[in-house]
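Have a look at the structure below, then the notes.
The values are calculated or read from the model by the stated rules, or taken from the named source; none is laboratory data. Bear in mind that the values here come from a model prediction, so they are computed numbers and not experimental data. For neighbour counting, all protein chains shown are included, and Cβ atoms are generated from backbone atoms with ideal geometry for every residue, glycine included. Note: areas computed on protein heavy atoms with side chains; ligands, DNA, RNA excluded. Shrake-Rupley method; radii C 1.70, N 1.55, O 1.52, S 1.80 Å.
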Amino acid sequence: MGKKVSSLSNMALTLIIITMVSGASLGYIYKLTKGPITAAKEKKQQEAIQLVVPDFDNNPTQEMYKIAAEDGDSLKVFPAKKGGEIVGVAIESVSHKGFSGDVKIMVGILPDGSIKNYDVLEHKETPGLGTKMATWFKPSGEEGSGSASGNAFFNWMFGIKSGGSGGNTSIVGVNPEKTDLTVSADGGDIDAITAATISSRAFLDAVQKAWSTYQEKADSYSSATTKTNNTEEGGQQ
């Protein structure tokens, strides 16, 4: 029996079969992992909401609504309530100014406009530099913040007290109406992560976007929602 003669048609058929098998395999893997990935993201979202707002007794996810930022992004707002009263809102915001891509965060805002806390949801920043945003902008010494949360080590070494001349990295408890949430290198009030100014700008941009958009759009949304609810209640009488 002689050797099978190679031809263009045989090579094309082989490539088609390989492509079909590869495509089917990728499709199967996607379906297999889609569920767990979605579940992991939802869990991360729930944990972030709980982290950035005070205790609540409603379901913020079920009451979620969206507000449009000036740049066209749609931000998710998760209202946290206790006894029917708003105790804070968790806002999912994003900046497109990161060093390596988008920076997505969850930031909690209290009724007085101050920032309760934040959590970084997604980013592609440089390990050991931009990744420090997860803790850098929280108070030094806060549980889970570690040595990356600003100047804690240097404050201790040089005896610099909180509020002294050691700079400011924390945004927790800050009201953006009274504090310029831009890096000090740009004339703002917040010290950037060492050697990661671009990542710091992106993080603060996401926070400022959430705060500004909420302050501008929240009242109009609440009024529209109240009006709709009253109309529905009136129609049911």
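Among the protein heavy atoms of region 1-146, carbon and sulfur supply 59% of the accessible surface, probe 1.4 Å, non-protein parts ignored. Per residue, region 90-139 exposes 39 Å² of solvent-accessible protein surface, assessed with a 1.4 angstrom probe and all protein chains in place. Net charge within 12 Å of Leu75 by Cβ-Cβ distance, Lys/Arg positive one each and Asp/Glu negative one each, not counting Leu75 itself? Here the charged neighbours net out to 0.
In plain terms, the chain from Gln46 to Tyr30 could stretch by 3.4 nm, reckoned as 0.36 nm per residue minus the Cα-Cα distance.
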